[in-house]
Amino acid sequence: MNCKLIILFVFSLFSSLIEAQNLQLVFRYDDFMLVNDSTNEKVIRLFYKYHIPVVLGVITCDANENLVMDKNFHFLDSLRKAVRDGSVEIALHGLNHKKMTPFGEFKGLSLEEQTRRIKKGKQLLDSVFNYNIMTFIPPWNAHDGNTVTALKTNNIYIVSSSIYDVWSETVFYPESTDDYHMLDGLIKNNQTFGGIIVIMLHASDFKTNKSFEDFENVLINLKKDTSITFYTFKGIENAGIYINKFQSEDLIRSNLLIKILKLKNVFLSYRTIVGIRMLNTILYLLVIFLAYFIGQLIVLKNHKHNIIQYFILSMLAVLIALSTWYCWWGPLKLALVFLLIALVLPFIFRFFKIYNLHIKIHLKKK
């Protein structure tokens, strides 16, 4: 039985977490423009072919803020039809994807300027698709509080950005991975736990025919898996499935058990996250105190523990629990630091003779 099976077995013993849970997948294709582009068209047709919905982050204008759309854009009718039937969602990906600040197009700009850019971009896209744009994908995954206010002013309430960005939106679905090659592994490792995966794609991911073949094989395998449900951002929001700040913060943090189970790049459920954190803490406590007791047997031999030792060990246990639960350091650094402390403690106890210690208090009567 391998390590992962053992951990899953332990998981099932102390909680009801091991249930059949679905994975929710959202594909987000950024930097899409309304021009004849063979790469873009080929990618979108793959989604059509396997009946998988996709969100297109559309750049609306050029540097002069004129609508970018070829007069003979032959793919437009197909896109309009897909938008109507819900297999394609159009998201505003900035006005012109121009870097206005060191951070990107929006973050750092005034509220007035951000409101203007979002309003103009939305109005143009709404008119092209006869559609009410509800989703915003900030260029360079960068936005701020002013962006959020500007979006609300323009009746856009769904945002997909970075997990490191602002969390004051009504609905937020940050990108969890930008590498579709890792999807097969992510799916296999999360069939038990479920979760949400937001995959960010760009045309630059499809430079060769081989990359198209690889991506098509990924889509074929995904369609075969009945535990997977595909959504657009609007669709997943309508289904009442959300990502909260707790889930996003967990994805940022490094957790030893997450590494062992290979669950990185997935937004897990609250219950699963808590369960994994508990097991992760227990794992550290067991390993570190095993190292301590081996050291204690070698250095202190048959000496008994006293109240001072128990107090120090209790404080160490509390420190381990807090630091692993809140991921104060990286998992390997955390393990090495506490293992070192556990191995050094017996020598400290021996040096200071903190064992079999009897303190006598003499009371003198006056």
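Taking the criterion of being surrounded by fewer than 16 Cβ atoms within 10 Å (Cβ to Cβ), among the polar types (S, T, N, Q) and at pLDDT below 95, the residues of the range 13-37 that qualify are 15, 16, 22. Please go through the range 115-131 and give me each residue that is crowded, with 21+ Cβ neighbours inside 10 Å and within 10 Å of residue 150 (Cβ to Cβ), ordered by number. Matches in the range 115-131: 117, 118. Is it the case that residue 35 is within 26 Å of the chain's Cα centre (by Cα) and of a type in the set (A, V, I, L, M)? No, not satisfied.
Only helices (runs of 4 or more DSSP H) wholly contained in the range 218-333 count here; list those with 2 or more residues that are without any contact (Cβ under 8 Å) to a residue 60 or more places away in the chain.
Because the criterion is at least 2 residues that are without any contact (Cβ under 8 Å) to a residue 60 or more places away in the chain, the helices (runs of 4 or more DSSP H) in the range 218-333 that meet it are 245-252, 270-299, 307-325.
Considering the range 180-204, and only residues there that are assigned to a helix (DSSP H, G or I) and of a type in the set (S, T, N, Q), the residue that is nearest to residue 226 (Cα to Cα) turns out to be 190.
Let's see how each residue does on (1) at pLDDT below 95; (2) among the basic types (Lys, Arg); (3) surrounded by fewer than 22 Cβ atoms within 10 Å (Cβ to Cβ):
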| position | (1), (2), (3) |
| --- | --- |
| 69 | no, no, yes |
| 72 | yes, no, yes |
| 82 | no, no, yes |
| 106 | no, no, no |
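Taking the range 205-248 as the range and being closer than 30 Å to residue 334 by Cα and surrounded by 14 or more Cβ atoms within 10 Å (Cβ to Cβ) as the test, the residues that pass are 243, 247, 248.
Residue-wise test of (1) in the same structural domain as residue 193 (by TED's automatic domain parsing); (2) buried (at least 20 other Cβ atoms within 10 Å of the Cβ); (3) in contact with a Ser or Thr (Cβ under 6 Å, 6 or more places away or on another chain); (4) within 28 Å of residue 350 (Cα to Cα).
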site: 258; (1), (2), (3), (4): yes, yes, no, no
site: 261; (1), (2), (3), (4): yes, yes, no, no
site: 278; (1), (2), (3), (4): no, no, no, no
site: 282; (1), (2), (3), (4): no, no, no, yes
site: 289; (1), (2), (3), (4): no, no, no, yes
site: 293; (1), (2), (3), (4): no, no, no, yes
site: 297; (1), (2), (3), (4): no, no, no, yes
site: 310; (1), (2), (3), (4): no, no, no, yes
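Being in contact (Cβ under 8 Å) with a residue 40 or more places away in the chain and either touching a Phe, Trp or Tyr at 6+ places or on another chain (Cβ under 9 Å) or in the same structural domain as residue 144 (by TED's automatic domain parsing) (or both) holds for only one residue in 43, 68, and it is 43. Taken as a whole, the condition of being over 13 Å from the mean Cα position of the chain (by Cα), more than 26 Å from residue 136 (Cβ to Cβ) and basic (Lys, Arg) applies to residue 277.
Table: residues versus (1) over 14 Å from the mean Cα position of the chain (by Cα); (2) among the hydrophobic types (A, V, I, L, M, F, W, C).
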| residue | (1), (2) |
| --- | --- |
| 181 | yes, no |
| 210 | yes, no |
| 223 | yes, no |
| 258 | no, yes |
| 263 | no, yes |
| 270 | no, no |
| 273 | no, yes |
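The values are calculated or read from the model by the stated rules, or taken from the named source; none is laboratory data. Values in this document were obtained by computation on a predicted structure and should not be read as measured data. As a convention, Cβ positions derive from the backbone with ideal geometry for all residues, glycine included, and neighbour counts pool all protein chains shown.
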